[in-house]
Structures are given as C-alpha cells and as structure tokens.
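*Asks:* Encoded as structure tokens, here's the structure I'll be asking about.
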Amino acid sequence: MKTKVYETVKKQILATIEGETNITAKMATISCLLKQSFDYFYWCGFYVVDPLKPEELVVGPYQGTMGCLRIPKGKGVCGTAFLEQETQIVEDVHAIENHITCDVNSQSEIVVPVFFDGKIIAVLDVDSDKVNSFDDIDKKYLEEIINEAF
Ligand code: SME
C-alpha cells in the first residue's frame, strides 16, 4: 500500500521538477506533493543549512503547522541527522530526550539528509500525528526521492 503510493508520488515529483535547478522551488514542490499523498504526514518540509551560520539549520519550505525557525547541529532529531549525516527514524518522539517539540501533535518522525555535490545542504523532516509511522520503506523511498531530486 505505502509502496504503491511512494512509487506514484516519486514519479510525480521527479517529472514535476525535471530541469528545475532552483533549490527552493524543488523543496516547495517535494513538501507539497509528499504531504498530500499521505494522510499521516502531519508536517513535511525542509530545514536548510544556513550559509551565514553553517552550524545551524534554518526552516525552509514546508507544509503543516508552524515549525521552529532554527535548529543547532546535534539538537533534536533534525540536528542529529545534520550531525551524523544519516537518516533518523523515531517511533515515539515523546519517548526520547533529544527531540524538539514544535507541535505536541507530532508523535513519530523521520529525517533524511539532503546532499548536493557531496555536501549536506539540508534535511527533509516528516512528522506524523501517529506513533510508529515510519519504517524502512519510508527511508528507502524518501532517500531515493531526495537523492534523485538534488
Ligand atoms: N521535531 C524536530 C524539530 C522540527 S519540527 O518537528 C517541525 C526535531 O526534533 O528536530
């Protein structure tokens, strides 16, 4: 079920952004198409490495309720993905200490690093309003979409 939706949305995203070089346009399109494909995607968007403060992420294009503006490297799930440069999956965000609560309705989370020219430039953050929403299928497809899009 999930796999089928990912197959469809992946094609839709890659077709829509084909030839587009602007990073903001790509991030906005990816956030929108992912959010509307899955009803458990409560918050979906990007935190971008701030060129003026390279140890910090700053909020980028997203869909959902208000997100916090800045996340230092190592802080929260996004900051951990930024530091470790690896996808993070959290089954229950309220069960871990290193989580930043932007919205109490968020229950589980996946964060995927975004690389461009071999360097991390952002993370894709997806929050669900249900616990344990994300698994290896989400990881595989979100990583594929991000790697092919940037
Ligand atoms: N929960 C994230 C912060 C971003 S918001 O969920 C939109 C974190 O712990 O990094």
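*Asks:* Using a Förster radius of 30 Å, what is the FRET efficiency between Glu18 and Leu52 based on their Cβ-Cβ separation? Nearest 0.05, please.
*Replies:* 0.45
*Asks:* Given R₀ = 41 Å, FRET efficiency for Asp39-Asp117 by Cβ-Cβ distance, to 0.05?
*Replies:* Working: r = 35 Å, r/R0 = 0.86.
Result of the calculation: an efficiency of 0.70.
*Asks:* Want the number for Ile96 to Arg70: 0.36 nm per residue separation, take away the alpha-carbon distance, what's left? Numbers along the way, then the final one.
*Replies:* Working: separation 26, 0.36 × 26 = 9.36 nm, distance 1.98 nm.
Computed gain between Ile96 and Arg70 is 7.4 nm.
*Asks:* Can you compute the equivalent ellipsoid semi-axes for the range 2-149, i.e. the square root of 5 times each eigenvalue of the Cα gyration tensor, sorted largest first and rounded to whole Å? Mind showing how you got there, number by number?
*Replies:* Working: eigenvalues 88, 73, 35 Å².
Taking √(5λ) for each eigenvalue gives 21, 19, 13 Å, largest first.
*Asks:* If contacts are Cα pairs under 8 angstrom and at least 6 residues apart, what is the relative contact order of the range 2-149 in percent?
*Replies:* About 22 percent, as a whole number.
*Asks:* How much FRET efficiency would the formula 1/(1 + (r/R0)^6) give for Thr8 and Asn132, where r is the Cβ-Cβ distance and R0 is 22 Å, rounded to 0.05? Provide the component values of the computation, followed by the final result.
*Replies:* Numbers: r = 23 Å, r/R0 = 1.07.
According to the calculation, E is roughly 0.40.
Where a number appears in this text, it was derived from the coordinates with a stated rule and is not lab data. All of these numbers come straight from a predicted model, not from anything done at the bench. Every residue, glycine as well, gets a Cβ built from its backbone with ideal geometry; the counts of neighbours run over all protein chains shown.
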